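Right, one structure below, let's go through it.
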Amino acid sequence: MEVKRVILSIGSNLGDRIANLQEALNQLAAIGSTSKCSAIYETAPWGFESEHSFFNICIEFWTDISPEELLQKIGSIEQICGRSRTSGSYSSRTLDIDIILYDNLIIDHENLTVPHPLYDQREFVLAPMAEIVPELTDPRNEKSVLELWTDLGQHAARRHNDLVLNF
Ligand code: ADP
Ligand code: MG
């Protein structure tokens, strides 16, 4: 199968957040290759109350596995990194990996929606994405990441210039 460009959002708000992000990058290396990794952005939790802030990154990733297989793989990587799904929708987690874009596909399955349904409302996705792929467009509306980020108009995320991940 052909290699496709995928944009992944990776977040952690529990435990050693930098180590969790690094472990995600290490595990992802088994199924593809990362060509760009954003800086780490710190934001307050979105959609629920918690005292733990989130560390988030976005990566440009190349893989030949299908969207469904990729969803399964990121699920097992989340498991490996110790995430538990005890409560309902939004909760604290050691690691959350979301598929934001997969090539220019539009997918609307029961367990997988691509582009990710809420990414254009989330500064913690758009800020790191604008850093690495500002010109990439959303296949649903042809808007660029930079446009989407400008439209959102939020600038509360703190960019950590001093923290470095290896990929
Ligand atoms: P969230 O990421 O919204 O905080 P979860 O990580 O617990 O919540 O994901 C819940 C479900 O979202 C997953 O079981 C998965 O099947 C589904 N899902 C749908 N679209 C996507 C996507 N683009 N990337 C990742 N998960 C997705
Ligand atoms: Mg998720």
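The values are calculated or read from the model by the stated rules, or taken from the named source; none is laboratory data. All of these numbers come straight from a predicted model, not from anything done at the bench. Neighbour counts are summed over all protein chains in view; Cβ atoms, including those assigned to glycine, are modelled from backbone coordinates with ideal geometry.
From the list Leu146, Leu126, Leu71, Leu163, the lone residue that is at pLDDT 95 or above, away from ligand 2 (no atom under 13 Å from the Cβ) and either surrounded by fewer than 20 Cβ atoms within 10 Å (Cβ to Cβ) or in a loop (DSSP other than H, G, I, E, B) (or both) is Leu146.
Of all the criteria given as (1) of a type outside the set (D, E, K, R); (2) surrounded by 13 or more Cβ atoms within 10 Å (Cβ to Cβ); (3) part of a loop (DSSP other than H, G, I, E, B), the one not satisfied by Ile99 is (3).
Taking residues in segment 95-123 that are under 21 Å from Asp151 (Cα atoms) and touching a residue at least 60 places away in the same chain (Cβ under 8 Å), and partners anywhere that are more than 12 Å from ligand 2 (Cβ to nearest atom) and part of a strand (DSSP E or B), the pairs with Cβ atoms closer than 6 Å and at least 6 places apart or on different chains are Ile100/Ile7; Leu101/Ile7. Taken as a whole, the condition of being part of a loop (DSSP other than H, G, I, E, B), modelled with pLDDT under 95 and exposed (fewer than 14 other Cβ atoms within 10 Å of the Cβ) does not apply to Ser91. Within segment 129-139, the set of residues being in a helix (DSSP H, G or I) and crowded, with 20+ Cβ neighbours inside 10 Å comprises Met129, Ala130. All conditions in (1) modelled with pLDDT under 95; (2) in a loop (DSSP other than H, G, I, E, B); (3) within 13 Å of ligand 1 (Cβ to nearest atom) hold for Gly82, with the sole exception of (3). Checking each residue in segment 23-38 for being surrounded by 19 or more Cβ atoms within 10 Å (Cβ to Cβ) and under 18 Å from Arg159 (Cα atoms) picks out Cys37, Ser38.
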